[in-house]
Each structure stands twice: as C-alpha cells, then as structure tokens.
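One structure below.
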Amino acid sequence: MKDPHSVLRNPIHTEKAVRLMDKENKLLFEVHRTSKKQDIKKTFEQLFNAKVVKVNTFHTPSGEKRAYITLSKQYHAADIATKLGLM
C-alpha cells in the first residue's frame, strides 16, 4: 500500500465543503492524481477509523484531483474535521 499521506494530500475547507459536511456527511480532499477510489477509501478508513460508504473523484481545471468521501451514518464528518483542525 502507498504512503497514506501521498494518497490523501489535503482536506479542502471551502463554504461548499462545509455545507456538504453538515448536510450530506461528506468530506472533500485533494488526492494524488493517480489514486484510485479503492486506494482513497482504504487509506481514509485506515487513517481515521471511519467507515466510508462512497468515494467520488473529479479533476479540477487546474489539474488537481479531488475526492468527495461520503461517511457512514454512524460517523460524523464534523468530528473528523475537528480532528483535522478544520473546525
């Protein structure tokens, strides 16, 4: 397995990301360009001990790759954001 910090690079903290965290229990991360959804899911579950339901990825016009990580209902995205220092 790759180094976890090379897969998940940075959490994204924008107004939209905060709204998704509150309403849909999702977190937004910048990820490595070659990371696959399965790698992102395994890495997130390993780092934060939280169950991931779904991962959606997209490429920004500037060439970055980002991932929306949807958590299981038993875990709260706000709690993980607090651990990351975003809240």
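The values are calculated or read from the model by the stated rules, or taken from the named source; none is laboratory data. What you see is a predicted model; the values in this text were computed from it and never measured. Note: ideal-geometry Cβ built from the backbone for every residue, glycine included; neighbour counts use all protein chains shown.
The condition of being of a type in the set (Gly, Ala, Ser) and either at pLDDT 95 or above or touching a Gly at 6+ places or on another chain (Cβ under 9 Å) (or both) does not hold for ALA81. Among the residues of region 14-66, those identified as of a type in the set (S, T, N, Q) and either within 17 Å of MET87 (Cα to Cα) or more than 12 Å from the chain's Cα centre (by Cα) (or both) are THR14, ASN25, THR34, SER35, GLN38, GLN46, ASN49, THR60, SER62. Among the candidates ASP79, ASP22, the residue that is touching a residue at least 24 places away in the same chain (Cβ under 8 Å), surrounded by fewer than 17 Cβ atoms within 10 Å (Cβ to Cβ) and either in a helix (DSSP H, G or I) or of a type in the set (Gly, Ala, Ser) (or both) is uniquely ASP22. Within region 25-65, the residues that satisfy the criterion of being touching a Phe, Trp or Tyr at 6+ places or on another chain (Cβ under 9 Å) and assigned to a strand (DSSP E or B) are LYS26, LEU27, LEU28, PHE29, VAL52, LYS54, VAL55, ASN56, THR57, PHE58, LYS65. Could you please let me know if LYS54 is surrounded by 15 or more Cβ atoms within 10 Å (Cβ to Cβ) and in contact with a strand residue (DSSP E or B) (Cβ under 8 Å, 6 or more places away or on another chain)? Judged against the criteria, LYS54 is not a match.
Contact annotation: residue pairs with Cβ atoms under 9 Å, 6 or more positions apart or on different chains, pairing a residue in region 4-17 that is within 14 Å of LYS36 (Cα to Cα) with a partner that is small (Gly, Ala, Ser) and surrounded by 13 or more Cβ atoms within 10 Å (Cβ to Cβ), are SER6/SER35; VAL7/SER35; LEU8/SER35; LEU8/ALA67.
Only one of the listed residues (ASN56, ASN49, ASN10) is at pLDDT 95 or above and either touching a helix residue (DSSP H, G or I) at 6+ places or on another chain (Cβ under 8 Å) or not hydrophobic (A, V, I, L, M, F, W, C) (or both). That residue is ASN56. The residues in region 42-77 that are in contact with a Leu (Cβ under 9 Å, 6 or more places away or on another chain), more than 14 Å from ARG9 (Cα to Cα) and among the small types (Gly, Ala, Ser) can be counted, and the count is 2.
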